Amino acid sequence: MRKLKFRGKLLKDSDSFKTYKKGTIIEGGFYNQGSKTFIVAHFNVFEVEPESVSQFTGFKDKNGNEIYEGDNLTDVVETDEGKINSKQKVFWNAPTGSWHLDNSVNQDETNSTELWIELNDFQYEILIK
């Protein structure tokens, strides 16, 4: 069974002990209440920045890190000019109902491949933002 998990950045410090600081990435369940967005984790409910919420794809990169929607993946590509690092964004393709890796030059989702195919064929890792 597929594990549904989300992550988001904390909107403010979380508690009186300041265990979780504003901007900390929290992973867990997700829900909206009115105009507010929350992640449920560690037996707590955390308000997060709505635009920061992304879903776990169920896949991991070559280093074992979980890949989330919106992550940029990179690998080394051999070209006539030598080796270069690619940069491709992970997104949900609604028409196919699957996670894709954006192969388009402008990263506008006009050309993509299913993520699982790319991960089988190449050694991608998450590009740290």
request  = Name the aspartates and glutamates eligible as straight-distance cross-link partners of residue 83: C-alpha to C-alpha under 13 Å, and not fewer than 8 places from it in the same chain.
outcome  = 75
key: FRET efficiency estimate (nearest 0.05) - Cβ-Cβ, residue 2 to residue 43, R0 25 angstrom   = 0.60
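Less than 10 Å Cβ to Cβ from residue 93, Lys/Arg counted +1 and Asp/Glu -1: what total charge do the surrounding residues give?
Combined, the nearby Lys, Arg, Asp and Glu give -3.
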Inter-label distance for residue 12 and residue 79, nm, one decimal - labels placed 7 Å from Cα along Cα-to-Cβ = 4.7
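How do 35, 112, 86 rank when sorted from fewest to most other Cβ atoms within 10 Å of their own Cβ?
Lowest to highest Cβ neighbour count: 35, 86, 112.
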Inter-label distance, nm, simple model (7 Å from Cα along the C-beta direction), residue 111/residue 92 = 2.6
remark   = Straight-line reach check, residue 12, cutoff 26 Å on alpha carbons, 8 or more apart in-chain or any other chain, hits among lysines -> 21, 22, 36, 129
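So if R0 is 25 Å, what FRET efficiency would residue 104 and residue 65 give, r being the distance between their Cβ atoms, rounded to the nearest 0.05? Display every interim value, and only then the final one.
Numbers: r = 24 Å, r/R0 = 0.96.
For R0 = 25 Å, the calculated efficiency reads 0.55.
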remark   = Once Lys and Arg are counted +1 and Asp and Glu -1 for all other residues with Cβ under 15 Å from that of residue 111, the total becomes -3
ask   = Going by the alpha-carbon gyration tensor, a ≥ b ≥ c the square roots of its eigenvalues, is region 57-126 rounded (a/c under 1.5) or, if a/c is not under 1.5, prolate (a/b greater than b/c) versus oblate?
value = oblate
ask   = Fewest first, what order do 60, 3, 87 take by the number of other Cβ atoms within 10 Å?
value = 3, 87, 60
message = Give the residue list of chymotrypsin sites (Phe, Trp or Tyr not before Pro) in region 14-75 that are DSSP loop and have at most 16 other beta-carbon atoms within 10 angstrom.
response = 17, 43
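Values quoted throughout were computed directly from the atomic coordinates according to the rules given, and no laboratory measurement underlies them. As the structure is a computational prediction, the values presented were derived from the model and not from experiment. As a convention, Cβ positions derive from the backbone with ideal geometry for all residues, glycine included, and neighbour counts pool all protein chains shown.
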